[in-house]
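In what follows, a structure is listed as structure tokens, so that the remarks can point back to it.
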Amino acid sequence: MTSHLLDAYVWEGLLTFRLTDKISILKTSIQVLMEHKKVKGRTLTREEKLSLYRDGYVVVKKAVSDELVDAARYRINNAEKGTYPGAHEDLTNLVNASDVTPVLHEAMGYFDPPIACQVGVLRPRKPGEYFNNVGYKDKGMPYFGAESHMDGLCTIGVPQEVVEGTPEEIYYRYISSGPKGDIGRSADVMGHNSVPLFEDPAMTLGMGSFTTFAFVCLNDQTREGCGQTALLRGAHHETEKFFRWQYEVNGHIGPEGPGWPRLDYDCENHCGLVYLPQMVRDKFIDDTSDSSPDGMKWPRPTQILMEPGDACLTLFNMPHSATRNEFGTENRTNIIFRIRNKKRQPNHMVSGVSDHPDRGQRGEWLEYEEGNDPWLRSKFALCNMWDEWEGMQDIVTEMEGQERVPYEV
Ligand SMILES: [Fe+2]
């Protein structure tokens, strides 16, 4: 399912989901929210925290009980017609009633209990003929078609034929082909994935952000090539450095900021998204990197091998991608939660599915009280990726040899 269809499906589902169930989930969420009580329970071991620091992710084995896994699988397979299972508590319980909550409460901090999630089902399939979001034929992309990116990036469907024109012409045609049509270049332009072109009216922040991804695995993913989520191990350190450099240059962060053009005009269709800035890519490319047919080398991601009930936690700053389920015999099923530490915006509730929570799900402008600059807070978080990981501070200090001095934005 393409991301924009998924988005429409999520929100249609949220609207049509049984009202009584919605109210009960909301009541529980509001109750916990009012108390901001951290759930005590399982925590990451020192080794797990060290690996989260070093690699940018950690797999928490058996974070979710078999009963919760079975209930979620049942709900997905027996979803009522016209409803989206990702808003059902059988799915949100994968975080709200599992070890994921106490683990994150301790390592990261308090967060809104998710009321929705992304049901990441990938059917087995062969390499495709279509142009992917980075402007290359899927069949020619190495590493099972991985398109490593960070979230919160506006994605308008890329042209499915080779386009011609100057970069300016191609850029303008591209941003005019989104769901709102030709409205000029502004923060009101939306992607088919419902992410705005820029988060802020001044167009200085080109991406949404949150604190952590939690991917809960619901099927056997212990063998590569079965649609696993793939991560660029260790790249969170480089993306944080890159954001600081961007901010240093002119205060702009994300695509269309320094060193990060939005579009790649040299790719196969001449209009692909630059999902990862070249300065970051370069750090992960060497002689062993595989290439697309044009000779372009791509950073090799790590396929995250998991069993049902395992959960992978990553920092937002971690480049990641779904991959092709080429060798699988069943649907790859990962349930994806996007979680933000409550301290970023204590007065705003996040759903657990949005990757741009400083705006509404469909780009609506939200109200912020006097003195609360959401764009600045998010730039700070992108440049200080451990700031929202309250239980990681000792490890960060130990690994970096000194307490971190905040990078001021
Ligand atoms: Fe993503």
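The values are calculated or read from the model by the stated rules, or taken from the named source; none is laboratory data. Note that the coordinates shown come from a computational prediction; the quantities given were computed from them, not determined experimentally. When we count neighbours, we look across all protein chains shown, and the Cβ atoms used for this are built from the backbone with ideal geometry, even at glycine.
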note = Considering residues that are of a type in the set (Lys, Arg), more than 12 Å from the chain's Cα centre (by Cα) and within 16 Å of the ligand (Cβ to nearest atom), the number found within the stretch 320-365 is 2
inquiry  = Return the residues of the stretch 326-352 that are within 21 Å of Tyr74 (Cβ to Cβ) and either at pLDDT below 95 or part of a loop (DSSP other than H, G, I, E, B) (or both); say none if nothing qualifies.
reply    = Gly328, Thr329, Glu330, Asn331, Gly352
ask   = When only residues in the stretch 38-65 that are more than 15 Å from Val100 (Cα to Cα) and in contact (Cβ under 8 Å) with a residue 12 or more places away in the chain count, which is surrounded by the fewest Cβ atoms within 10 Å (Cβ to Cβ)?
value = Arg46
request  = Being in a loop (DSSP other than H, G, I, E, B) and over 14 Å from Gly234 (Cα atoms) is the filter; apply it to the stretch 295-319 and report the residue that is nearest to the ligand (Cβ to nearest atom).
outcome  = Trp298
message = Looking only at residues that are within 16 Å of the ligand (Cβ to nearest atom) and outside any loop (DSSP other than H, G, I, E, B) in the stretch 140-177, which one is surrounded by the fewest Cβ atoms within 10 Å (Cβ to Cβ)?
response = His149
query = Hey, any hits in the stretch 77-90 for a residue that's free of Cβ contacts under 8 Å to residues at least 40 places away in the same chain and touching a Leu at 6+ places or on another chain (Cβ under 7 Å)?
reply = no
request  = State whether one or more residues within the stretch 113-127 are in contact with a Gly (Cβ under 7 Å, 6 or more places away or on another chain), more than 16 Å from the ligand (Cβ to nearest atom), outside any loop (DSSP other than H, G, I, E, B) and in contact (Cβ under 8 Å) with a residue 40 or more places away in the chain.
outcome  = no
message = Among the listed residues Tyr110, Tyr130, identify the single one that is over 21 Å from the mean Cα position of the chain (by Cα), modelled with pLDDT of 95 or more and hydroxyl-bearing (Ser, Thr, Tyr).
response = Tyr130
